[in-house]
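Chemist: Handing you a structure now.
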Amino acid sequence: MTQGCGAISRRDVLKTSAAGAAIAGSLGTGSVAMAQAEPNAPPTAAVRMKVNGKQTSLTLDTRTTLLDALREHLKLTGTKKGCDHGQCGACTVIVNGRRINSCLTLAVMHEGDEVTTIEGLGTVGDLHPMQAAFVEHDGFQCGYCTPGQICSAVAVLEEIRAGIPSHVTEDIGAAPGMTTLEMRERMSGNICRCGAYSNIAEAMAQVAGVKA
Amino acid sequence: MKFDTPAGTNPIDRMTVVGKPTPRIDGPLKVSGAAPYAYEHHDVPGKPAYGYVLGAAVAKGTIRSIDTARAQRAPGVLAVVTYRNAGKLGKGQMNTAKLLAGPDVQHYHQAVAVVVAETFEQARSAAAMIDVDYARTDGAFDLLAAKDGAKEQGGNDAPTAVGDFQGAFASSPVQLDQNYTTPDQSHAMMEPMATIAAWEGEKLTVWTSNQMVNWSLKDLAATLQMPVENVRLISPYIGGGFGGKLFLRSDALMASLGARAAKRPVKVALQRPLMANNATHRPSTIQRIRLGCGRDGKIAAIGHESWSGDLEGGGLEVAVQQTKLLYAGANRMTAMRLAVLDLPEGNAMRAPGEAPGLMALEIAMDEMAEKLGMDPVAFRVLNDTQVDPEKPDRAFSQRNLVRCLQDGATRFGWSRRKGPGQVRDGRWLVGMGVAAAFRNNLNMKSGARVRLDGQGTVTVETDMTDIGTGTYTIMAQTAAEMLGVPLAKVVVKLGDSSFPVSAGSGGQWGANSSTAGLYAACVKLREAIVEKLGFGPGEAVFEGGQVHVGNRSADIARAAKSGEIVAEDSIEFGDLDKKFQQSTFGAHFVEAAVDRYTGEARVRRMLAVCAAGRILNPTAARSQVIGAMTMGVGGALMEELAVDKRFGFFVNHDLAGYEVPVHADIPHQEVIFIDEADDKVSPMKAKGVGELGLCGVGAAVANAVYNATGVRVRDYPITLDKYLDRLGEVA
Amino acid sequence: MRPFTYERATSAQDAAAKAAAMPGARFIAGGTNLLDLMKLEIETPGHLIDVNGLGMDQIVETPEGGLRIGALVRNTDLAADKRVRKDYGVLTRALVAGASGQLRNKATTAGNLLQRTRCPYFYDVNMPCNKRKPGSGCGAIGGFSRQLGVIGTSEACIATHPSDMAVAMRVLDASVETMRPDGTTRAIPIAEFHKLPGQTPQTETALEQGELIISVALPKPTGGTHIYRKVRDRASYAFALVSVAAVIGRDGKGAVALGGVAPKPWRVQEADALLPKGAQAVSDRLFAEATPREDNAFKIMLAKRTIASVIAEAKG
């Protein structure tokens, strides 16, 4: 099998994707600055991201998560830290169109990425339809998990439309349906201890234009 | 204002704003991420440094030595505070264990140090460089093993006896005598405890996440041994509490100590893996229930005993509370015993007492109904009482339990329920369960200040908190109703100790007490407005932004044209709760399905019918109830802090290990409120509902699982390992 | 989290060579498990090599008629791939049963295989754990072991491997393709990829220092009914108590592997052969040498019943 792992197919696998090429190109050699302001200081690195449509440049301790970069460096505290270990979903943001837990990724790994946080979806005076639906259906109580729920909800509807299967998809060969069963399963990475799940399902159904 | 006679007709009865389903006025802030929680105040003077808490590595023992030298030399570190340099500390009245360990350690993950550094990353890293040498001592960590040494308590917790329980039980033709257990549970609110502390000279301000501003203000001052006037506590948004944030906790203390040492504001969020052991939890219980019935189904003898544990000086989980009041029966007894355990501090979690108590009692009722061959709804209805069964001359202020049960049964399709193990849906066994809900109504003194300005804007100020309960909105509704202004003209400011002291959020007393306090302040403001307008005597009507007395009318704003009018008052409660038993009632109906192969239990349908006085905002109240139902599903099917009886700690101390329900666990939930107004509880005629929603849910789930499978489990949570061997063979 | 230097790798071989040359260096891709553990100082790398820019994110057909999955293919993309859904349904089912949508968007194929155990004693640095700190003892034995292993464990360690994906790959006879620091490649059958703990639970895989997973190859599809059944206390976003991956033909023959019971995806060839005889026979063989603890003995019965459910479902 060692031989069988043939050159042609391996090249295919190793082929740098278009997005990857762009990133690698912009970085040159790929070696990142390890500048140290003082001998004892922790390593830092520079990162440029587009956050809510705005280009930002930060030089950060390499240990800084995307979550802490948003909250502590960009003052975008709409994104919440509930557990810091990928167990609650409060930190959910949308990166390059996909929702992720911002607590389990380093900011420096997001060079060139487009990040959308709750502040980028809508504002108090100009709510995103999902934000408005959460208010209308009382899809929250304490509000702490809410920005993560909303970022996830927006992305979940896109995931269903894109045909990505889930645990409850009856026939994985077919496109999943826009049902609250699908929504509930896909939203399960966002814990709400206040227990607003039933209302969140109704808010999402309204935005998706289906029956709750 | 003293409330000591039943309320007559008052402006709230108009129900033009109060009682209407009203979206939260703080909703847009919350859904857009603009509501500032404790760790997120950007208006703190000076750039806060970051604190990171080190928790004790042993459950019980002493700190032989702490070496902080390496941490102090670490990059960015500004201060390391331990018991050795914290200064002399007191202990808050509401705290059982100290919030900073040393030299003795009282429980696992008790705070041992806070490291303050320029950045979060530096503080976290340096915290791991502290070397602590512990002398570990043996402790008691097993409730079952400690049970026989548990002791009865006095006062409200003392045993009760009415009639001849032993004799009546012994002579009852149908008897039930069973033991039930409930586990330690964690509040697991989504926002961890968090505080920013800033000192200016001798004065301390903390932005924190706390349900009870005044309790915690006093306890912070007491712990730091400083005058309470020098402390200000600000808690406008709280990311969930469920009782876990009733008290001063280590985040606030460690942030304050860290800020003092670093001479900088300091922010501390308790790390999630510390939460379960550092903070409080709902203690586990062992309960014994005895029911003796006649063949007619009438309860002749009802006995409920409970055992729980806590640290030395701690308290009981009062699991027999509801049994004193819920059902009739001439011969009764309750008893509770407390064991000393060295697990983390036990304390209130949503519906303390009733939540675990009903988890047991309402299984027992289900079991007894079956023994009697009676329908479980009918059995409960038969044993309803309209008076306090321990003091029959004392009536309930209002009691609609029977209606909750009967309306719910109709609505849920209860008549379709079959015998245990009778209904199949593919590989699923399907069943229905019911349980009564019961939670006492509590009232607490509560104050508010209300201002009217020249634009006709009404501003409410109180240290009351909104923990997701909808306080902002019901306060605005109350002020709008009282003063006849639109909701949009009311500004509500909460959670600041510089405002009048309120009831705070706990024991489901918040909504009724705090709005009643605001009612009192509004009554005063109305008087001041009428006086300012010079309308003289006569009944004033406030509506449509206008004030009318007799045939005289004016815009309300006109009263404040020459300057703001301010009124402040509080509500104090007399002895109506002694004359009348004040409680809230409900019925929970659950349909559950159990996989006949794997034993996985899932909830399919849920209905709650609640009778809780006037419902101030049906939208927020419904959310309180569905949230509680969700927590009840967790308690029934998954939630348990697992105790390591050797090391003495809760092992599954994060949100991966301590499972709470997720979206996929919860079906559509239905809630019905019985139309009530209870004039004996307050001028608002409202009672609490947030804890009622949890009471009984666990048992309704348990009873549904039994009805699905025919297998009875009496130890929560009802996980498949406890009954898999009793499900039928499959291969 | 200890300070670390960080670089973005420019090629797989460069990454492997650097990782071999720098003690304490680690690759990072999705990061969802590594960063979790770094925050708790269970993992303490001094240098991170970010391999995300290396491509390796394609799924291509092999000359043998199978699929070659790039190491960096995200769990979501692997689950959603039309070819995987059609021919390797058990893999899609396993992937979507794991973690959450957010985590699956980030987690990679290679990283999923390299996940470390979720044993709570491994996760609590105050507790003894031979995997985290060799020689310190096993806190889980005699402690809270409900989630932990019943077979393939040792007196040194009873941790389970938490992956769902790997269980499906085990039943599919996947092979893990790697590049070593000298640029040579090799393929490791998934059966040999994860190591049993024995006396060295800290050694979890067959990988050498610096060796980088570049892809996972699936053999030609075999048809049959593909089922992945994951049993857990809550309905989603939880690790398995027991999971069963099975591919069963119309004749009742097939293959079965279990998750949640062992330090690696658990499959016994002789047990596969017993599938036509039913769940009891299969289960007896799979657990012939089981060493359950008080808290987790139920897993053996649960596994048997879950296998029965899967066999029944395959029969339709």
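Chemist: Of the residues C:Ala187, C:Ala174, C:Ala168, which single one is outside the structural domain of C:Met22 (by the TED database) and in contact with a Lys or Arg (Cβ under 8 Å, 6 or more places away or on another chain)? First the steps, then the outcome.
Modeler: Numbers: C:Ala187 fails: in contact with a Lys or Arg (Cβ under 8 Å, 6 or more places away or on another chain); C:Ala174 fails: in contact with a Lys or Arg (Cβ under 8 Å, 6 or more places away or on another chain).
Of C:Ala187, C:Ala174, C:Ala168, the one residue that is outside the structural domain of C:Met22 (by the TED database) and in contact with a Lys or Arg (Cβ under 8 Å, 6 or more places away or on another chain) is C:Ala168.
Chemist: Which residues, taken from region A:179-192, are more than 7 Å from chain C (Cβ to nearest Cβ) and touching a helix residue (DSSP H, G or I) at 6+ places or on another chain (Cβ under 8 Å)?
Modeler: Narrowing region A:179-192 to residues more than 7 Å from chain C (Cβ to nearest Cβ): A:179-184, A:187, A:190-192.
Passing the criteria: A:Thr180, A:Glu182, A:Met183, A:Arg184, A:Met187, A:Asn190, A:Cys192.
Chemist: For region B:577-605, which positions are open to solvent by 10 Å² or more (accessible area, probe 1.4 Å) and either of a type in the set (Phe, Trp, Tyr) or under 18 Å from B:Gly408 (Cβ atoms) (or both)?
Modeler: B:Phe580, B:Glu591, B:Tyr597, B:Val603, B:Arg604, B:Arg605
Chemist: Of all residues in region B:229-277, count the ones that are of a type in the set (D, E, K, R), under 18 Å from B:Tyr83 (Cβ atoms) and open to solvent by 20 Å² or more (accessible area, probe 1.4 Å). Before you say what the answer is, go through the steps one by one.
Modeler: The first filter runs over region B:229-277 and keeps only residues of a type in the set (D, E, K, R), leaving B:229, B:232, B:245, B:249, B:251, B:260, B:263-264, B:267, B:272.
This time we only want the ones that are under 18 Å from B:Tyr83 (Cβ atoms), so: B:249, B:251, B:260.
Next, from what is left, pick out any that are open to solvent by 20 Å² or more (accessible area, probe 1.4 Å): B:260.
Here the count works out to 1.
Chemist: Could you tell me which of the residues A:Val154, A:Val135 is open to solvent by 10 Å² or more (accessible area, probe 1.4 Å) and over 23 Å from C:Arg74 (Cβ atoms)? Steps first, please.
Modeler: On the way: A:Val154 fails: over 23 Å from C:Arg74 (Cβ atoms).
Of A:Val154, A:Val135, the one residue that is open to solvent by 10 Å² or more (accessible area, probe 1.4 Å) and over 23 Å from C:Arg74 (Cβ atoms) is A:Val135.
Chemist: While we're looking at this one, here's another question. Starting from region C:284-297, keep only residues that are touching a residue at least 24 places away in the same chain (Cβ under 8 Å), then list their pairs with residues that are basic (Lys, Arg) whose Cβ atoms are within a distance under 6 Å, requiring at least 6 positions of separation or different chains.
Modeler: C:Asp295/C:Arg146; C:Asn296/C:Arg146
Chemist: May I ask you to list the residues in region B:652-677 that are touching a residue at least 60 places away in the same chain (Cβ under 8 Å) and more than 7 Å from every other protein chain (Cβ to nearest Cβ)? It would help to see each step written out before you state the result.
Modeler: To start, the set of residues in region B:652-677 that are touching a residue at least 60 places away in the same chain (Cβ under 8 Å) comprises B:652-655, B:658, B:660, B:665-674, B:676-677.
Those that are touching a residue at least 60 places away in the same chain (Cβ under 8 Å) and more than 7 Å from every other protein chain (Cβ to nearest Cβ): B:His653, B:Tyr658, B:Pro667, B:Glu670, B:Val671, B:Ile672, B:Phe673, B:Ile674, B:Glu676, B:Ala677.
Chemist: Among (1) more than 11 Å from chain A (Cβ to nearest Cβ); (2) not in a loop (DSSP other than H, G, I, E, B), which single condition is C:Gly152 missing?
Modeler: (2) is the only condition that C:Gly152 fails.
Chemist: Restricting the search to region A:106-126, which residues are aliphatic (A, V, I, L, M) and either surrounded by fewer than 20 Cβ atoms within 10 Å (Cβ to Cβ) or in contact with a Lys or Arg (Cβ under 6 Å, 6 or more places away or on another chain) (or both)? Walk me through it before giving the result.
Modeler: Just the residues of region A:106-126 that are aliphatic (A, V, I, L, M), to begin with: A:106-109, A:115, A:118, A:121, A:124.
Selection gives A:Val124 alone.
Chemist: Of the conditions (1) in a loop (DSSP other than H, G, I, E, B); (2) at negative phi; (3) open to solvent by 10 Å² or more (accessible area, probe 1.4 Å), C:Arg170 clears all except one; give me its number.
Modeler: Only one criterion is unmet by C:Arg170, namely (1).
Chemist: Out of (1) within 14 Å of chain A (Cβ to nearest Cβ); (2) open to solvent by less than 10 Å² (accessible area, probe 1.4 Å); (3) over 21 Å from the mean Cα position of the chain (by Cα), the odd one out for B:Phe649 is which?
Modeler: Unmet for B:Phe649, out of (1) within 14 Å of chain A (Cβ to nearest Cβ); (2) open to solvent by less than 10 Å² (accessible area, probe 1.4 Å); (3) over 21 Å from the mean Cα position of the chain (by Cα): (1).
Chemist: Does B:Val80 meet the test of being more than 14 Å from chain A (Cβ to nearest Cβ), closer than 30 Å to A:Thr64 by Cβ and in contact with a Ser or Thr (Cβ under 6 Å, 6 or more places away or on another chain)?
Modeler: Details: more than 14 Å from chain A (Cβ to nearest Cβ): yes; closer than 30 Å to A:Thr64 by Cβ: yes; in contact with a Ser or Thr (Cβ under 6 Å, 6 or more places away or on another chain): yes.
Judged against the criteria, B:Val80 is a match.
Chemist: Just to be sure, is B:Gln166 over 30 Å from B:Ala319 (Cβ atoms) and assigned to a helix (DSSP H, G or I)?
Modeler: On the way: over 30 Å from B:Ala319 (Cβ atoms): no; assigned to a helix (DSSP H, G or I): yes.
No: the conditions fail for B:Gln166.
Chemist: Can you list residue pairs whose Cβ atoms sit under 8 Å apart, with the first residue in region A:40-60 being more than 14 Å from chain C (Cβ to nearest Cβ) and the second being of a type in the set (D, E, K, R) and open to solvent by less than 90 Å² (accessible area, probe 1.4 Å)? Count only pairs 6 or more apart in sequence or on different chains.
Modeler: A:Met49/A:Glu111; A:Met49/A:Asp113; A:Lys50/A:Asp113; A:Asn52/A:Glu119; A:Thr56/A:Lys50
Chemist: I would also like to ask the following. Please state which one of B:Val387, B:Val318 is assigned by TED's automatic domain parsing to the domain that holds B:Gly648, touching an Asp or Glu at 6+ places or on another chain (Cβ under 8 Å) and open to solvent by 20 Å² or more (accessible area, probe 1.4 Å).
Modeler: Exactly one of B:Val387, B:Val318 is assigned by TED's automatic domain parsing to the domain that holds B:Gly648, touching an Asp or Glu at 6+ places or on another chain (Cβ under 8 Å) and open to solvent by 20 Å² or more (accessible area, probe 1.4 Å), namely B:Val387.
Chemist: Considering only region C:121-132, I want to know if a residue exists there that is more than 17 Å from C:Gly70 (Cα to Cα), facing another protein chain (nearest Cβ under 10 Å) and not in a loop (DSSP other than H, G, I, E, B).
Modeler: The answer is yes; a qualifying residue exists.
Chemist: While we're here: Out of curiosity, is B:Ala111 surrounded by 24 or more Cβ atoms within 10 Å (Cβ to Cβ), touching a Phe, Trp or Tyr at 6+ places or on another chain (Cβ under 9 Å) and of a type in the set (Gly, Ala, Ser)? Walk me through it before giving the result.
Modeler: Working: surrounded by 24 or more Cβ atoms within 10 Å (Cβ to Cβ): yes; touching a Phe, Trp or Tyr at 6+ places or on another chain (Cβ under 9 Å): no; of a type in the set (Gly, Ala, Ser): yes.
Taking the combined requirement at face value, the residue does not satisfy it.
Chemist: Let me ask another. Any residue in region C:138-145 that is closer than 29 Å to C:Val310 by Cβ and open to solvent by 10 Å² or more (accessible area, probe 1.4 Å)?
Modeler: Within region C:138-145, the subset closer than 29 Å to C:Val310 by Cβ is C:140, C:144-145.
Still in the running and open to solvent by 10 Å² or more (accessible area, probe 1.4 Å): C:144.
Taking every residue of region C:138-145 in turn, at least one turns out to be closer than 29 Å to C:Val310 by Cβ and open to solvent by 10 Å² or more (accessible area, probe 1.4 Å).
Chemist: Examine region A:163-178 for a residue that is within 8 Å of another protein chain (Cβ to nearest Cβ), part of a helix (DSSP H, G or I) and more than 19 Å from the chain's Cα centre (by Cα), and state whether such a residue exists. Give the derivation first.
Modeler: Our first condition is that a residue be within 8 Å of another protein chain (Cβ to nearest Cβ); within region A:163-178, this holds for A:163-169, A:172-173.
So of that shortlist, the ones also part of a helix (DSSP H, G or I) come out as none.
For region A:163-178, residues within 8 Å of another protein chain (Cβ to nearest Cβ), part of a helix (DSSP H, G or I) and more than 19 Å from the chain's Cα centre (by Cα): absent.
Chemist: Among the residues of region A:108-119 satisfying the criterion of being closer than 17 Å to A:Arg48 by Cβ and not aliphatic (A, V, I, L, M), which is farthest from the other protein chains (Cβ to nearest Cβ)? Don't jump to the end; show me each part of the working.
Modeler: Going residue by residue through region A:108-119, those that are closer than 17 Å to A:Arg48 by Cβ are A:108-117.
So of that shortlist, the ones also not aliphatic (A, V, I, L, M) come out as A:110-114, A:116-117.
Numbers: A:His110: 10, A:Glu111: 8, A:Gly112: 10, A:Asp113: 11, A:Glu114: 14, A:Thr116: 12, A:Thr117: 7 Å.
My answer is A:Glu114.
Chemist: Now a separate question. Do we find that C:Arg26 is more than 8 Å from every other protein chain (Cβ to nearest Cβ), open to solvent by 40 Å² or more (accessible area, probe 1.4 Å) and closer than 26 Å to B:Arg272 by Cβ in this structure?
Modeler: Working: more than 8 Å from every other protein chain (Cβ to nearest Cβ): yes; open to solvent by 40 Å² or more (accessible area, probe 1.4 Å): yes; closer than 26 Å to B:Arg272 by Cβ: yes.
Yes.
Chemist: Further, regarding this structure: Give region B:41-68 a look and list any residue that's surrounded by fewer than 21 Cβ atoms within 10 Å (Cβ to Cβ), farther than 25 Å from B:Phe647 by Cα and not β-branched (Val, Ile, Thr), or say none.
Modeler: Answer for region B:41-68, where residues must be surrounded by fewer than 21 Cβ atoms within 10 Å (Cβ to Cβ), farther than 25 Å from B:Phe647 by Cα and not β-branched (Val, Ile, Thr): B:His41, B:His42, B:Asp43, B:Pro45, B:Gly46, B:Lys47.
Chemist: For region C:57-84, which positions are open to solvent by less than 30 Å² (accessible area, probe 1.4 Å), at the interface with chain A (Cβ under 7 Å from one of its Cβ atoms) and closer than 27 Å to C:Phe239 by Cβ?
Modeler: C:Gly70, C:Thr76, C:Ala79, C:Ala80
Chemist: Something else about it: Among the residues of region A:65-82, which ones are in a helix (DSSP H, G or I), open to solvent by 10 Å² or more (accessible area, probe 1.4 Å) and at the interface with another protein chain (Cβ under 7 Å from one of its Cβ atoms)?
Modeler: First, pick out the residues of region A:65-82 that are in a helix (DSSP H, G or I): A:66-73.
Now restrict to residues that are open to solvent by 10 Å² or more (accessible area, probe 1.4 Å): A:72-73.
Within region A:65-82, A:Glu72 is the sole residue that qualifies.
Chemist: While we're here: Which fully enclosed strands (runs of 3 or more DSSP E) of region B:407-521 have 1 or more residues being of a type in the set (Phe, Trp, Tyr) and in contact with a Lys or Arg (Cβ under 9 Å, 6 or more places away or on another chain)? Give the derivation first.
Modeler: Working: elements: B:423-425, B:428-440, B:446-452, B:458-461, B:490-493.
Those strands (runs of 3 or more DSSP E) span B:428-440.
Chemist: Restricting attention to region A:86-100, report how many residues are closer than 22 Å to C:Gln115 by Cβ and either among the aliphatic types (A, V, I, L, M) or crowded, with 24+ Cβ neighbours inside 10 Å (or both).
Modeler: Total satisfying the criteria: 9.
To keep it simple, each residue is scored yes or no on (1) at pLDDT below 95; (2) within 20 Å of B:Ala49 (Cα to Cα).
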| residue | (1), (2) |
| --- | --- |
| A:Ala41 | yes, yes |
| A:Arg48 | no, no |
| A:Leu58 | no, yes |
| A:Arg63 | no, yes |
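The values are calculated or read from the model by the stated rules, or taken from the named source; none is laboratory data. It should be emphasised that the depicted structure is a prediction, and the values quoted were computed from it without experimental measurement. Cβ sites come from the backbone with ideal geometry, for glycine too, and all protein chains shown count toward neighbours. Surface accessibility is based on the protein's heavy atoms, side chains included, excluding ligands, DNA and RNA. Shrake-Rupley method; radii C 1.70, N 1.55, O 1.52, S 1.80 Å.
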